Amino acid sequence: MSHPQGIPLLVPQLPDRLALQPFLDRIDLSRHYSNFGPLVQELEQRLATDYSTHASLPLEVVTVSSATAGLELALSSLELPPGSRVLVPALTFVASLTAILRAGHLPVICDIDPDNWLLTPDIADDCMRESDCQAVIAVATFGQAQDTRAWSAWQQRHGVRVIIDAAAAYGSQWVEAVDIPVVFSMHATKSLAAGEGGFVVTGQPGQRRMIKELSNFGINLSPDTDHPVGHLSYAGTNAKLSEYHAAVGLASLNSWQTQADLRHAVFLQYRETLQQACGDALIWQQGPAPAAPTTFSVRLGSSGRRSKLEQLCAVSRISTRRWYQPLLHQHAAKVGPIVHLPTPTAEAVSADLIGLPFFPMLTRGQMAEVSQHVAMAVTA
Ligand SMILES: Cc1ncc(COP(=O)(O)O)c(C=O)c1O
C-alpha cells in the first residue's frame, strides 16, 4: 500500500526556533552579525576541542560558508603552482571537482576501491605511476571515513599534499593525523546542519590562518607578519560564516548526539529490512556504518534492475536519486580540462548504484515499503 504523499528522498531536520532562541538573543545583544563574531568563535572552539580529543596533537578549526569553499581554500592554502595536478576520485559530488578547477588546478580523475568505494592510498600509489600529481583530494564517500594515518604516511612517502573531503562524514571522520586537513559541510542536509556552512580541521596553525584570511578577501589579519594588517596578502574571496549560521550550527551541535543515534539506528534497521527482503542480491559499501548517515545508497547488481526500481518507485511516489552521477569525468566536457585515468570500478559501481529515501524519522512501514519495491526490482 503506497502512501498518498509518497516517500521523500531526504527530510532535513534543523533545530527549531526554541533551540535557536538563546543564540539569537546573544546576537541581538552583541550586534555582531558576521566577521568572526563570538558565536563563530565558540563553534570553532567546541569543534576543535572535540577533534583534538581524537588526535595525538591539538587541532584547530576554521569555519567557512560551505564545504565547497572550504575545499577550494584548503587547496589554495597549499600554494601549489597554477595548473598543478590534483588527484580526485570519479565517484564524488561535483564540488570536489569544481574546487580544484576554481583553485586553478588540473583535476586528475581516478578510480575507487571496489569494496569501500573510496579513493585509497593504494589506488593513489598506482595513479602516481601514471600521472605525477601534486595534491590529492580523497573523499569520505557517503560518510565512510578515510584513514588519515594511512594518508599521512602516503603524503610523507610521496611528498604530495592530501586533503580529505569529508563533507558528509561529520561524526564518522576523525582527524587522527594532524598533517591532513579535513573539510566538513554544515549544509541543511547534513547531520550537523547550519543551513549552509562548512569548516576545515587542521593541525597546522599557519594553514588555519591562511584559510581564514582567504575567506576574508585575502586581507592580512595577523600583526606578527612583516605585511601590514588590513592589506591584501592573497586574492581571496568572501567565504565567512555569519553569526546566524553559527547560531544554527551551535544549536545543532547541542542536539547532535540524539540525532546521530537515531540516524545510525534507522540506517541499521533499514539495511536489515532490505537484506531480509532481498537476500544476497544487494551489494553494500564495505566498512563500519557511519555514525550519523545522511544518505542511503546500495548497488542493485545490474543497471536493468536499477531502471526497473526507478520505474516502480516513480509509480508509488518513492523518491530515489543516482547519487554522485554522472561521474566526475562525465561532467568534464563543459568544465574541463581534466585528466581521466581508467575508472572501471567507478563505472561499474555507478551503473547500478541507487540512493533510497533516508531521514531520521523514516518509519518501519516506509522501510518495508521501499524494501518491497527493491525486492520486486531485483527478483524481476
Ligand atoms: C563529497 C562532497 N563534497 C562537497 C560537498 C559540498 O558541500 P557544501 O554543500 O557544504 O558546499 C558535498 C555535498 O553534499 C559532498 O557530498
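Applying the selection to the stretch 245-287, what residues are outside any loop (DSSP other than H, G, I, E, B) and among the small types (Gly, Ala, Ser)?
ALA246, ALA247, GLY249, ALA251, SER252, SER255, ALA260, ALA265, ALA277, GLY279, ALA281
For the list (1) touching a residue at least 24 places away in the same chain (Cβ under 8 Å); (2) more than 18 Å from LEU80 (Cα to Cα); (3) touching a strand residue (DSSP E or B) at 6+ places or on another chain (Cβ under 9 Å); (4) not β-branched (Val, Ile, Thr), I need the number of the one condition that HIS231 fails.
Checking HIS231 against (1) touching a residue at least 24 places away in the same chain (Cβ under 8 Å); (2) more than 18 Å from LEU80 (Cα to Cα); (3) touching a strand residue (DSSP E or B) at 6+ places or on another chain (Cβ under 9 Å); (4) not β-branched (Val, Ile, Thr), the one that fails is (1).
Quick check on GLY70: is it in contact with a helix residue (DSSP H, G or I) (Cβ under 6 Å, 6 or more places away or on another chain), within 24 Å of LEU250 (Cα to Cα) and either of a type in the set (A, V, I, L, M) or open to solvent by less than 60 Å² (accessible area, probe 1.4 Å) (or both)?
Against the criterion (in contact with a helix residue (DSSP H, G or I) (Cβ under 6 Å, 6 or more places away or on another chain), within 24 Å of LEU250 (Cα to Cα) and either of a type in the set (A, V, I, L, M) or open to solvent by less than 60 Å² (accessible area, probe 1.4 Å) (or both)), GLY70 does not qualify.
Only residues in the stretch 174-186 that are away from the ligand (no atom under 16 Å from the Cβ) count as the first member; pair them with residues that are of a type in the set (D, E, K, R) and open to solvent by 10 Å² or more (accessible area, probe 1.4 Å), Cβ under 7 angstrom, at least 6 apart or cross-chain, and list the lot.
GLU176/ARG149; ALA177/ARG149
It is to be established whether one or more residues within the stretch 339-355 are surrounded by fewer than 21 Cβ atoms within 10 Å (Cβ to Cβ) and under 20 Å from LEU268 (Cα atoms).
yes
Suppose we filter ILE211, ILE137, ILE164 for residues that are open to solvent by less than 30 Å² (accessible area, probe 1.4 Å), assigned to a helix (DSSP H, G or I) and within 16 Å of the ligand (Cβ to nearest atom); which single one remains?
One residue alone meets the criteria, ILE211.
Return the only residue of LYS334, LYS308 being farther than 11 Å from PHE142 by Cα and without any contact (Cβ under 8 Å) to a residue 24 or more places away in the chain.
The unique qualifying residue is LYS334.
Go through LEU91, LEU43, LEU80 for me and flag whichever is within 12 Å of the ligand (Cβ to nearest atom) and either assigned by TED's automatic domain parsing to the domain that holds GLY230 or open to solvent by less than 50 Å² (accessible area, probe 1.4 Å) (or both).
So the residue among LEU91, LEU43, LEU80 that is within 12 Å of the ligand (Cβ to nearest atom) and either assigned by TED's automatic domain parsing to the domain that holds GLY230 or open to solvent by less than 50 Å² (accessible area, probe 1.4 Å) (or both) is LEU91.
For the subset of the stretch 167-193 comprising residues that are of a type in the set (Phe, Trp, Tyr) and not in a strand (DSSP E or B), which member is most open to solvent (accessible area, probe 1.4 Å)?
TRP174
Could you pull out the residue among THR68, THR49 that is assigned by TED's automatic domain parsing to the domain that holds VAL200, within 16 Å of the ligand (Cβ to nearest atom) and over 22 Å from ALA150 (Cβ atoms)?
Selected residue: THR68, the only one of THR68, THR49 that is assigned by TED's automatic domain parsing to the domain that holds VAL200, within 16 Å of the ligand (Cβ to nearest atom) and over 22 Å from ALA150 (Cβ atoms).
Would you say LEU253 is more than 16 Å from the ligand (Cβ to nearest atom) and open to solvent by less than 10 Å² (accessible area, probe 1.4 Å)?
Judged against the criteria, LEU253 is not a match.
Output the number of residues of the stretch 356-366 satisfying the condition of being surrounded by fewer than 22 Cβ atoms within 10 Å (Cβ to Cβ) and touching a helix residue (DSSP H, G or I) at 6+ places or on another chain (Cβ under 6 Å).
Here the count works out to 1.
Among (1) surrounded by fewer than 17 Cβ atoms within 10 Å (Cβ to Cβ); (2) closer than 27 Å to LYS190 by Cβ, which single condition is LEU309 missing?
Failed condition: (1).
The values are calculated or read from the model by the stated rules, or taken from the named source; none is laboratory data. Bear in mind that the values here come from a model prediction, so they are computed numbers and not experimental data. FYI the Cβ positions are ideal-geometry reconstructions off the backbone, even for glycines, and counts take in every protein chain you see. Side chains included, ligands, DNA and RNA excluded: accessible areas come from the protein's heavy atoms. Shrake-Rupley method; radii C 1.70, N 1.55, O 1.52, S 1.80 Å.
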